[in-house]
Amino acid sequence: MNKLYKSGFTLVEMAIVLVILGLLISAFLIPLAAQLEQSRNAEVRRDLLEIKEALLGFAVINGRLPCPDTDGNGTDDGCANTNATSTSGGNVPWATLDTKQLDPWGRRYQYQVNNAFSTTFLLTTTGSGAGLIRVCTTSACSGTEASNVPLVIFSTGQNGAVIPPAGLDEQENVDGDKDFVSHDFATGGFDDIVVWISTNVLMNRMVSVGKLP
Ligand SMILES: [Ca+2]
Ligand SMILES: [Ca+2]
Ligand SMILES: [Ca+2]
């Protein structure tokens, strides 16, 4: 064995070093990916909070909630059905509200409004019939987070809208009706972030600024 060979690494030593390097890199990479997702989810929460405040501001100024954007330019396009027992859905009207258009995954924030509130409303206004927006804990709506709210806004999350059967709960959020699902993230499935404004919060804001009664 010559002197040069003895001072270098054997193949076994090289393999061990590579394995250790691989372990170290993967140990750092996984938390980094998780951290990135965590910060994106926090960004969605901040954006939705700002959109909620902008919706409350719009209601204070106009005495009603805006209709969704349905043609993709961000402006309120009017509600297709102004019947109080119906809802209208589409994009958050970000240009009308001057809020963020896209979630961190490049998809538009979504909005569904109870049409009893998209025309001038009173303290006694409430949802009824097919205009009664519910936020459920399952797609079958066996439990509810909220059973009668003026609006919901949401992001479809990193995975967008997952196709059933894996995404039954996700499907419920994009089927255009009055029912929505909100619960913790489920691996490989549900990751939508859904928030809403309760009628009490909306009325409280209207009364506190003297817009109602
Ligand atoms: Ca529009
Ligand atoms: Ca999703
Ligand atoms: Ca639905």
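The values are calculated or read from the model by the stated rules, or taken from the named source; none is laboratory data. These numbers come from a predicted model, not from an experiment. Because the Cβ atoms are built from the backbone with ideal geometry, glycine has one as well, and the counts that use them run over all protein chains shown. When the accessible area is computed, the model is the full protein with side chains, heavy atoms only, and any ligands, DNA or RNA have been set aside. Shrake-Rupley method; radii C 1.70, N 1.55, O 1.52, S 1.80 Å.
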Practice item. With only Lys, Arg, Asp and Glu charged, each at its Cβ (+1 for the first two, -1 for the last two), find how big the charge dipole of the range 24-105 is about the Cα centre; round to the nearest 20 debye. Key: 240
Study note, to complete from the structure: Interchain or sequence-distant (5+) residues whose placed amide H lies within less than 5 Å of the amide H of Cys136 are Glu145, Phe180, Val181, Ser182
Review point. With point charges of +1 on the Cβ of Lys and Arg and -1 on the Cβ of Asp and Glu, referenced to the Cα centre of the chain, which listed residue (Ala33, Gly167, Thr10) lies farthest in the positive direction of the dipole?
Key: Thr10
Review point. Taking the Cα atoms only, what angle lies between the long axis of helix 199-208 and the longest principal axis of the chain, rounded to 10 degrees?
Key: 70
Review point. So what's the angle, to the nearest 10 degrees on a 0 to 90 scale, between helix 11-62 and the longest Cα principal axis of the chain?
Key: 10
Check your understanding: What accessible area per residue comes out for the chain, rounded to a whole number of Å², with a 1.4 Å probe?
Key -> 54
Review point. Of all DSSP beta bridges in the chain, what percent run antiparallel (nearest 5)?
Key: 85
Point to revise | For the chain, radius of gyration divided by Kirkwood radius, i.e. Rg to Rh on alpha-carbons | key: 1.25
Point to revise | Solvent-accessible area, 1.4 Å probe, carbon plus sulfur percent, for the range 84-197 | key: 52
Check your understanding: Counting pairs on different chains as well as pairs 8 or more places apart, how many Lys pairs in the chain have Cα atoms under 27 Å apart?
Key -> 5
Practice item. Return a whole-number percent for the relative contact order of the chain, with Cα pairs under 8 Å and 6 or more residues apart as the contact set. Key: 17
Review point. Which distance in Å, rounded to a whole number, links the C-alpha centroids of the range 95-116 and the range 165-213?
Key: 13
